[in-house]
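Quick notes on the structure that follows.
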Amino acid sequence: MYHHISEGRPDPFSLSVSSANFAAHLEVLKAHAHPLSLRQLNRAVLNRELQPGSVAITFDDGYASNLLTAKPLLLHHGIPATVFVTTGFLGSGRELWWDELGRVFLEPGTLPPELSLCIQGNSHYWELGDAREYTVADSQRYRSWKAEEEPPTTRHLLYASLWRLLQLLPEKERLHILDSLHAWANSSVRSRDDYRGLSDAELTALAGGLIEIGAHTVTHPALPELSVEQQRSEISGSKERLEAKLGAPVVSFAYPFGASNADSAELVRLSGFQCACATVAAPVDRDTDPFQLPRVQVCNWERDEFYRHLRAWLDGSRESAVWMSVNHGGTKPVLIRGKWDLRVAGGNLAYLQFPDGSPDHVRIQIDTLQTATTYDIQLNFPGFAVRSGSAHQITFRARADAPRKLAVGFAQAHEPWDGLGLYSVVDIDSEWRAFRLPLVPTASDGGARIHFDAGGDPSSVEVSDVVLHPDAGELEI
């Protein structure tokens, strides 16, 4: 999963990959994987003919760089790709809202000392203090900051807070707030060339040959937050506009933020799509739901680092499938299939290993430790849904090669990757210990995962024999 090809600037959600690194990625894929189109991959899944090492490239949102920079490189290497277009972004003359927000707060300049906003009837007030001044040196110092990390300044905290507030707003109100922010900051609404969306003419030039166009809704909302009718309008509306522009069927879809629920997937199917991509970081296999295709996000890695990640993904596709027992209160446990995944922040590199060859037993192996960071072992299940207030328990065994703490809880399996309730924290050491912990989500989510937070210590952590004990009827599988 890529987004756009750009040479830099602050990138809190790791959406940009430089043209040089993207070219290197394509060379690695051509030499060490089996690139194919999303249609070919989906057909192979449905026919149970998926070859090991198969890889499909996708781009989300519809940035102009997909045509201007990515397409020539894809054509040069003969590698297909699918570009999922947010139709409200198409020809709008504006950047996507999170890019505009970043331009206001994460670019050098001086802002007013305070900010007041009224959002959906609620008043919000912030004081910037010393952070109103943001120099070129400041922007270089914090250039690598990522949204999942602690905000280093008030500006970064304000950016993260407004991102969360704006994400759930209707498009019209969100644009009104952005216009107010530009006026407050005395910044231009005009798009930066490498951040703008495709024009209608550029969409036509992009489509065809090795490039397939897919739909990504009209306004890029988190679909589970909308009513069924609103979801239908976003899903079918994007399909209809793209087909009218292209004069050809649009059969693939990607969920904005990776967020979907049962209604979303069914509406995508009923709208005539053949497949839909999520953002669960897991390999595709022959049993994958074509309307919940998992994807791994590619960051701005140089050649060797991308190759190491690719090897870990391809190795994991053979080893990381796990059948987890779900015990519904005294009834016979139900086995559901999921994937182990490892998310690492701070520019570090680590792998999941399976010491005894069984996916029931997983270990973090640290390869590169550049900065203190958090290593998250994630147990992902496409379509895994939890409801607010439902009480569950999880049992598992764990150990580490040095004493440390391990936090366990429910979290989102999609952006913004938030926790879904309080985590339970246990002490582990070199001896295997068995645990039974409560898990009570404080928010409902149609795309959840089980999250083991292993902290920032570089010592290894092992987890085994995971069993979830949900309240009957409170957990959808």
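Quick notes
- Among C275, C299, the order of accessible area from largest down is C299, C275, computed with a 1.4 Å probe on protein heavy atoms.
- Once the convex hull of all Cα atoms in region 107-189 is built, its volume per residue stands at 102 Å³.
- Across region 202-241, counting alpha-carbon atoms alone, Rg and Dmax equal 12.4, 37 Å.
- Divide the volume of the convex hull around the Cα atoms of region 209-271 by the residue count and you get 81 Å³ per residue.
- Phi angles across region 157-166 convert, under the Karplus curve 6.51 cos²θ - 1.76 cosθ + 1.60 with θ = phi - 60°, into 3J(HN,Hα) values of 5, 5, 4, 5, 5, 5, 4, 5, 5, 6 Hz, Gly and Pro given as x.
- Size descriptors for region 71-222 (Cα atoms only): Rg and Dmax, in that order, 17.8, 53 Å.
- Spin-label pair A205/L75, simplified geometry with 7 Å Cα→Cβ offset, distance in nm: 1.0 nm
- Rounded to whole Hz, the Karplus (6.51, -1.76, 1.60) HN-Hα couplings of region 41-55, x for glycine and proline: 5, 5, 4, 5, 5, 5, 8, 6, 10, 5, 7, x, x, 5, 9
- Under the Debye formula (equal points on every Cα, no solvent term), log10 I(q)/I(0) of region 161-271 at q = 0.10 Å⁻¹: -0.37
- Taken over the Cα atoms of region 106-148, the convex hull encloses 94 Å³ per residue.
- With DNA, RNA and ligands ignored, accessible area of K146 (1.4 Å probe; Å², nearest 10): 40 Å²
- Dimensionless Rg/Rh of region 178-223 - Kirkwood Rh, Rg from C-alpha atoms: 1.11
- Kirkwood hydrodynamic radius of region 1-140, from inverse mean 1/r over distinct Cα pairs, in Å: 18.1 Å
- Region 37-105: equivalent-ellipsoid semi-axes (sqrt of 5 x gyration tensor eigenvalues, Cα, Å): 30, 15, 11
- At 0.890 mPa s and 25 °C, Stokes diffusion of region 396-438 via Kirkwood alpha-carbon radius, µm² per second: 213 µm²/s
- Fully extended contour minus Cα-Cα distance, from K30 to E266, at 0.36 nm per residue: 81.5 nm
- Ordered by 1.4 Å accessible area with all protein chains kept, Y125, Y63 run largest first as Y125, Y63.
- Average projection, convex hull of the Cα set of region 237-313: 6.7 square nanometres.
- Simple spin-label estimate for E243 and R286 gives 3.3 nm between the two label positions (7 Å along the Cα-to-Cβ direction from each Cα).
- You can think of it this way: the chain between H176 and T135 has 12.0 nm of extra reach, that is 0.36 nm per residue less the Cα-Cα gap.
- Summing Lys and Arg as +1 and Asp and Glu as -1 over all other residues whose Cβ lies under 12 Å from the Cβ of D179 gives a net charge of +1.
- As a fraction of the 1.4 Å probe accessible area of region 411-470, surface on carbon and sulfur atoms comes out at 50 percent.
- For region 194-325, the orientation-averaged shadow of the C-alpha convex hull comes to 10.5 nm² (one quarter of the hull surface).
- P(r) tail, region 381-455: Cα-Cα pairs separated by more than 22 Å, 25% of all pairs.
The values are calculated or read from the model by the stated rules, or taken from the named source; none is laboratory data. Everything quoted here is computed from the prediction, not taken from an experiment. Methodologically, a virtual Cβ is constructed for each residue, glycine included, from the backbone with ideal geometry; neighbour enumeration extends over all protein chains shown. Accessible surface areas use protein heavy atoms only, side chains included; no ligands, DNA or RNA. Shrake-Rupley method; radii C 1.70, N 1.55, O 1.52, S 1.80 Å.
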